Amino acid sequence: INSKTAGGLWNTAFEDEFVSGKGYLMAYGPDDTAPELPYGNRAHRFQGVGHTEDIHIAGLSHTEGGEHAGWHLLGNPFTAALQWPLENPRLSDWNLTNIEGGPQVWDEINASYTPILDIIPAMQGFMVYTTGDGSLSIPASARTHAPMAGWYKHKEEATRHIPAFDYVRLKAVDTEGATAQESLLLFRHEATENYDPLYDTRFKEGHAPKFYSMAGGIPLALNSLPYPCSLGHTQSIDMGFEKNASTHFRIELAEAPPYLHLFLEDMLLGQTFTLSKDGHYSFQASEHDPVQRFRLHLQKDESTHTPEAQHEERKIHIYFYENTLYVNTLQADTWLEIYDLQGRKQTSRKLEAPGLHRLTLDLPSGVYLVHAKNNMHQARLKMVITAR
């Protein structure tokens, strides 16, 4: 709700005083007394008694078809940071009803929204999403004097503290416009690979390129997933990307657990890039590119520096996802053969280079046996190809 009408008059739909628990977008303007200071440096004074009691908010609506359907801008009314109940949101004093996922805050430097993982700074505005008739409490019991209490919008990299969960943080950077969009994957035992309304946070766009993970056909800013369950087990996550006005972009790995190998597959160009904190994947995008251009592959590696672990690292890993076969090997010259259930060889090829290989199979529907081998190891897999 704008405070002024199109004609510059006060909007009567906008309240005359600040309301505790609401969020506001503030624009301070230039400092007429000190024009040498940066724009927006003008000081304002807010007076009143500090809030110390719970705030109860009800009647949050969801209007289908609206550009921002289901999203509401709330605000931390306290002079202390708030602890968001990441571990047990349903059992917390926040009393969430018809509220899905967690809050998001505006990152001014990156010109995008980013999901809150644990700390909402003092007096910080934040977005929440409701399916309709949503309600919640902003509890005084959640106040905390955490060290990471500064406003996120004034920091290029907000400090995060997650004691209970491992996570992956990716960033799509617009190298021309200097905007960026984060996407987070959080691992927790209660989560599934489908959409989890309690744990997953829907994506909300800003001015940066749209970059999000997919679960159940829903774009997510924060995607909670089960932990990779075994050595060599691979999780594949579809990633959506939609350009803004720029053309040149890159995808960076900001944070990840040390036991994960990450591979970014560009399905438009048919190539795979190993993601690490030391490098990034640069690419160009046009308006006609498919939205689901990327696929992220996560592979667990619990190896240490023991001889047994180094031997384990050289194994071949095969997995099948959406009628596409992936073979990951650290050894060169790996032979791949595919047989039907009658023992007839359907294909045979040599994977000369190490790394992750993506094979689109032109085979009829049915059950097949895959065999991969090199001079060190071999692996087998049964796969079921279905009509698409």
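The values are calculated or read from the model by the stated rules, or taken from the named source; none is laboratory data. Not measured: the values here are computed from a predicted model. Counting neighbours? That spans all protein chains shown, and the Cβs are built from the backbone with ideal geometry, glycine included. All accessible areas refer to the heavy atoms of the entire protein, side chains included, with ligands and DNA or RNA removed. Shrake-Rupley method; radii C 1.70, N 1.55, O 1.52, S 1.80 Å.
Being open to solvent by 20 Å² or more (accessible area, probe 1.4 Å), assigned to a loop (DSSP other than H, G, I, E, B) and either at positive phi or modelled with pLDDT of 95 or more (or both) is the filter here, so list the residues in the range 207-252 that pass it.
Within the range 207-252, His207, Gly216, Gly217, Lys243, Asn244, Ala245, Thr247 meet the criteria.
Please go through (1) of a type in the set (Ser, Thr, Tyr); (2) in contact with a Lys or Arg (Cβ under 7 Å, 6 or more places away or on another chain); (3) loosely packed, with under 15 Cβ neighbours inside 10 Å; (4) at pLDDT 90 or above for Tyr28 and return the number of the only condition it doesn't satisfy.
For Tyr28, the failing item is (4).
Please specify each residue of the range 188-206 satisfying the condition of being surrounded by 19 or more Cβ atoms within 10 Å (Cβ to Cβ) and touching a Phe, Trp or Tyr at 6+ places or on another chain (Cβ under 9 Å).
Ala191, Thr201, Arg202, Phe203, Lys204, Gly206
Go through the range 253-262 and report how many residues are closer than 21 Å to Pro209 by Cα and crowded, with 18+ Cβ neighbours inside 10 Å.
Residues flagged as closer than 21 Å to Pro209 by Cα and crowded, with 18+ Cβ neighbours inside 10 Å within the range 253-262 amount to 1.
Return the total of residues in the range 334-388 being on the phi > 0 side of the Ramachandran plot, under 36 Å from the mean Cα position of the chain (by Cα) and not in a strand (DSSP E or B).
The qualifying residues number 0.
Collect the residues in the range 88-139 that are farther than 11 Å from Thr201 by Cβ, modelled with pLDDT of 95 or more and among the aromatic types (Phe, Trp, Tyr), keeping them in residue-number order.
If the condition is that a residue be farther than 11 Å from Thr201 by Cβ, modelled with pLDDT of 95 or more and among the aromatic types (Phe, Trp, Tyr), then Trp94, Phe126 are the ones that fit.
So which pairs qualify, if the first residue must be in the range 47-70 and assigned to a loop (DSSP other than H, G, I, E, B), the second must be β-branched (Val, Ile, Thr), the Cβ gap must be under 7 Å, and the two must be at least 6 apart or on different chains?
Gly50/Thr79; Asp54/Ile138; His62/Thr130; His62/Thr131; Ala69/Thr63; Gly70/Thr130; Gly70/Thr131
Given the condition within 20 Å of Ile237 (Cα to Cα), of a type in the set (S, T, N, Q), open to solvent by less than 30 Å² (accessible area, probe 1.4 Å) and touching a Phe, Trp or Tyr at 6+ places or on another chain (Cβ under 9 Å), answer yes or no: does some residue in the range 327-342 qualify?
Yes, there is a match, as at least one residue in the range 327-342 is within 20 Å of Ile237 (Cα to Cα), of a type in the set (S, T, N, Q), open to solvent by less than 30 Å² (accessible area, probe 1.4 Å) and touching a Phe, Trp or Tyr at 6+ places or on another chain (Cβ under 9 Å).
Can you work out which of the residues in the range 263-301 that are polar (S, T, N, Q) and in a loop (DSSP other than H, G, I, E, B) is modelled with the lowest pLDDT?
For the range 263-301, the residue satisfying everything is Ser276.
Inside the range 343-363, can you point out the residues that are in contact with a strand residue (DSSP E or B) (Cβ under 7 Å, 6 or more places away or on another chain), in contact (Cβ under 8 Å) with a residue 12 or more places away in the chain and open to solvent by 80 Å² or more (accessible area, probe 1.4 Å)?
Passing the criteria: Arg349, Lys350, Arg358, Thr360.
Quickly run through the range 165-206 and pick out the residues that are polar (S, T, N, Q) and assigned to a strand (DSSP E or B).
Across the range 165-206, the qualifying residues are Thr179, Gln181, Ser183, Thr201.
Out of everything in the range 96-146 that is among the polar types (S, T, N, Q) and not in a strand (DSSP E or B), what residue ends up being most open to solvent (accessible area, probe 1.4 Å)?
This residue is Ser141.
In the range 315-325, is there at least one residue being in a strand (DSSP E or B), at pLDDT 85 or above and not polar (S, T, N, Q)?
Looking for residues that are in a strand (DSSP E or B), at pLDDT 85 or above and not polar (S, T, N, Q), one finds at least one in the range 315-325, hence yes.
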